[in-house]
1. If each residue's Cβ is checked for other Cβ atoms within 10 Å, how do Lys52, Lys115 rank with the fewest at the top?
2. What's the center-to-center distance, using Cα atoms, between the range 38-70 and the range 98-137 in Å?
3. With the dipole of the chain worked out from charges on the C-beta (+1 for Lys and Arg, -1 for Asp and Glu) around the Cα centre, which of Leu60, Tyr151, Leu3 lies farthest toward the positive end?
4. Based on other C-beta atoms within 10 Å, arrange Phe18, Phe25, Phe118, Phe67 from fewest to most.
5. Note down, for the range 18-142, the three equivalent ellipsoid semi-axes (square root of 5 times each alpha carbon gyration tensor eigenvalue), biggest first, whole angstrom.
6. Place a +1 charge on the Cβ of each Lys and Arg in the chain and a -1 charge on the Cβ of each Asp and Glu, then give the dipole magnitude about the Cα centre in debye, rounded to the nearest 20.
7. May I ask you to compute the full-extension gain from Cys164 to Asn105, defined as 0.36 nm times their residue separation minus their alpha-carbon distance, rounded to one decimal in nm?
8. Take every DSSP beta bridge whose two residues both sit in the chain, then give the antiparallel share in percent to the nearest 5.
Amino acid sequence: MALCLKKRLPENNFYTEFNNTIRSFKTLLCFGLSQSSKKIWSLWGYMYNSPKKSHAERILLQTVESFFSENPAEAIKQYTLAIYISFSPCSKCCDSLIDFMRLHNRIHLDVRISKLYFPQNSLNQEGLKRLRLSGVSLRMMDRDDFSECFYLFVNQQKLFIPWCDLENETKKYSAALCYILNQVLVLEICYSHTYFFLGQWESSSKLGESR
Ligand SMILES: [Zn+2]
């Protein structure tokens, strides 16, 4: 099943898809939508991509759109959409997420990624840059993020068990993401000479150093 709402994710599925040392053919996405002033989720669940039909991000956006269509009073409130995803969004999904953010500018999007999806592909790189510049929080998952995802979506009675090489892979992926995102930030500094992008550069550098 591509979409499961308000149901716990089976433990095996979590470890198979989120393990950042294993390449998988699926994308698994867990999400929680909550008012920014509250911790309780209004909507949560998980989804897989539907092969040859729809990427997981598209299914997510349709699900959130339906929620706001059915609850129009909620559409005027500040929301946070937290996403834990096994693969980074492809170029087209980055654009879909950006379009969604423009349409729903009261939603803050927080994306945490286990593995980068074909990071050498220039279209995917450009997509991630656009996503970051649109104001989306974007970072690779570290041990604490995997543990949090396990606690929130899998089992609150058990402890997350880290796999071998988790930290090394997180460091490699974080360095790659930092490089991709900083490319555009350097260009923006050259062209715009604004302090805004300098601020982004500093925070990105700190992010890179800490991982
Ligand atoms: Zn996609």
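1. Working: Lys52 5, Lys115 22.
Ordered by Cβ neighbours within 10 Å, fewest first: Lys52, Lys115.
2. After rounding, the separation between the Cα centres reads 16 Å.
3. Leu3
4. Details: Phe18 27, Phe25 7, Phe118 13, Phe67 16.
Ascending number of Cβ neighbours within 10 Å: Phe25, Phe118, Phe67, Phe18.
5. Numbers: eigenvalues 112, 47, 39 Å².
After scaling each eigenvalue by five and taking roots: 24, 15, 14 Å.
6. Details: 26 positive and 20 negative charges, 72 e Å.
That gives a dipole near 340 debye.
7. Numbers: separation 59, 0.36 × 59 = 21.24 nm, distance 3.98 nm.
Contour length minus the Cα-Cα distance gives 17.3 nm.
8. On the way: 18 of 30 bridges.
For the chain, the DSSP antiparallel bridge percentage is about 60.
Read-outs throughout are calculated quantities, based only on the coordinates presented, and are distinct from any laboratory measurement. These numbers come from a predicted model, not from an experiment. Counting neighbours? That spans all protein chains shown, and the Cβs are built from the backbone with ideal geometry, glycine included.
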